[in-house]
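Student: Submitted below is the structure of interest, expressed as structure tokens.
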Amino acid sequence: MKVIFRVDSSSSIGIGHLARCLKLAKVLKVHKIYFVTKNLTGNANFLLKKKYKVHVINSKNEDDDAKKFIKILKTQIKVSKDQAYVVMDNYNLKQKWEKKVKPFVKKIVTIDDR
């Protein structure tokens, strides 16, 4: 099974989302773990690069993010629908993003602690 985390960190967002996903990834370490994240100002992506494969996404909005995420799934991570689980921890990505991504993965787990 492959677990793909879609999470961002920055000086304005903070690193709480990323820290939470890192803890979850540690628990799921028997699976192949990937992170998809933006390269935002003040990010903590260096924490990911120590242990995990990181894919940087450069998106303008929720729709663009979903399209680029799907492309990363297909071309870089090379997942099949029955083996991919996505953990999404990002306030800017909502139901529209999930609907676009869902046909390409087995399950999406959304973390929303607001």
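The values are calculated or read from the model by the stated rules, or taken from the named source; none is laboratory data. Since this is a predicted model, take the numbers as computed values, not measurements. Don't worry about glycine lacking a Cβ; one is built from the backbone with ideal geometry, like all the others, and counts go over all protein chains shown. Just the protein is used for accessible areas: all its heavy atoms, side chains included, with ligands, DNA and RNA removed. Shrake-Rupley method; radii C 1.70, N 1.55, O 1.52, S 1.80 Å.
Student: Could you look at the chain and say what percent of its accessible area is carbon and sulfur, using a 1.4 Å probe and all protein chains? Provide the component values of the computation, followed by the final result.
Tutor: Working: 3490 of 6630 Å².
Within the chain, the accessible surface is 53 percent carbon and sulfur.
Student: May I ask what percent, to the nearest 5, of DSSP beta bridges between residues of the range 1-60 are antiparallel?
Tutor: Looking only at bridges with both residues in the range 1-60, the antiparallel portion is about 10 percent.
Student: Calculate the dipole size of the chain relative to its Cα centre from +1 charges on Lys and Arg beta carbons and -1 charges on Asp and Glu beta carbons; express the result in debye to the nearest 20. Could the numbers behind the result be given before it?
Tutor: Details: 27 positive and 10 negative charges, 105 e Å.
For the chain, the charge dipole is close to 500 debye.
Student: Rounded to the nearest 0.05, what FRET efficiency do residue 76 and residue 19 have when you use their Cβ-Cβ distance and R0 = 25 Å? Before the final figure, lay out each step's value.
Tutor: Working: r = 24 Å, r/R0 = 0.98.
Calculated transfer efficiency: 0.55.
Student: Now a separate question. Between residue 55 and residues 5 or more places away or on another chain, which pairs have amide H atoms under 5 Å apart, with H built 1.01 Å from N, and which residues are they?
Tutor: Answer set, sorted by chain and number: 35, 36, 37.
Student: Now a separate question. May I ask for the net charge around residue 111, where only other residues with Cβ less than 9 Å from the Cβ of residue 111 are counted and Lys, Arg are +1 while Asp, Glu are -1? Could you put the intermediate results ahead of the total?
Tutor: On the way: positive: 20; negative: 89, 112, 113.
Counting the neighbours of residue 111, the net charge comes to -2.
Student: For the full complex of protein chains and a 1.4 angstrom probe, list 7, 54 by accessible area with the highest value first. It would help to have the intermediate numbers written out before the result.
Tutor: Numbers: 7 0, 54 30 Å².
Solvent-accessible surface, decreasing: 54, 7.
Student: What full-extension length gain, to one decimal in nm, is calculated for residue 50 and residue 83 as 0.36 nm per residue of separation minus the Cα-Cα distance? Provide the component values of the computation, followed by the final result.
Tutor: Values: separation 33, 0.36 × 33 = 11.88 nm, distance 2.43 nm.
That works out to 9.5 nm of additional length.
Student: What list of ³J(HN,Hα) values in whole Hz, one per residue of the range 56-69 in order, does the Karplus curve 6.51 cos²θ - 1.76 cosθ + 1.60 (θ = phi - 60°) give from phi, with Gly and Pro shown as x?
Tutor: For the range 56-69, the Karplus curve yields 8, 10, 10, 10, 9, 7, 4, 5, 5, 4, 4, 4, 6, 5 Hz.
Student: How much net charge surrounds residue 82 when only the other residues with a Cβ under 11 Å from the Cβ of residue 82 are counted, with Lys and Arg +1 and Asp and Glu -1? Display every interim value, and only then the final one.
Tutor: Values: positive: 2, 81, 106, 107; negative: none.
With Lys, Arg at +1 and Asp, Glu at -1, the net is +4.
Student: Then there is this: Using helices alone, I'd like the mean residue ellipticity at 222 nm for the chain: each DSSP H run of four-plus residues gives -39500 (n - 2.57), total over residue count, nearest 500. The partial results should precede the final answer.
Tutor: Working: 4 runs with 34 residues, N = 114.
-8000 deg cm²/dmol, from helical runs alone.
Student: Something else about it: Name the residues whose placed amide hydrogens come within less than 5 Å of the amide hydrogen of residue 87, ignoring near sequence neighbours (fewer than 5 apart) on the same chain.
Tutor: 4, 5, 6, 109
Student: Read phi for every residue in the range 29-37 and hand back ³J(HN,Hα) as whole Hz from Karplus 6.51 cos²θ - 1.76 cosθ + 1.60, θ = phi - 60°, with x for Gly and Pro.
Tutor: Computed from phi, the couplings for the range 29-37 are 4, 6, 9, 6, 10, 9, 10, 10, 8 Hz.
Student: Here is a follow-up. Which trypsin sites (Lys or Arg not before Pro) from the range 1-80 combine a DSSP loop assignment with at most 14 other Cβ atoms within 10 Å? Write down the numbers at each step before the final one.
Tutor: Working: sites: 2, 6, 20, 23, 26, 29, 32, 38, 49, 50, 51, 53, 60, 67, 68, 71, 74, 78; in loops: 29, 38, 50, 51, 60, 78.
Sparse-neighbourhood loop trypsin sites (Lys or Arg not before Pro): 29, 50, 51, 60, 78.
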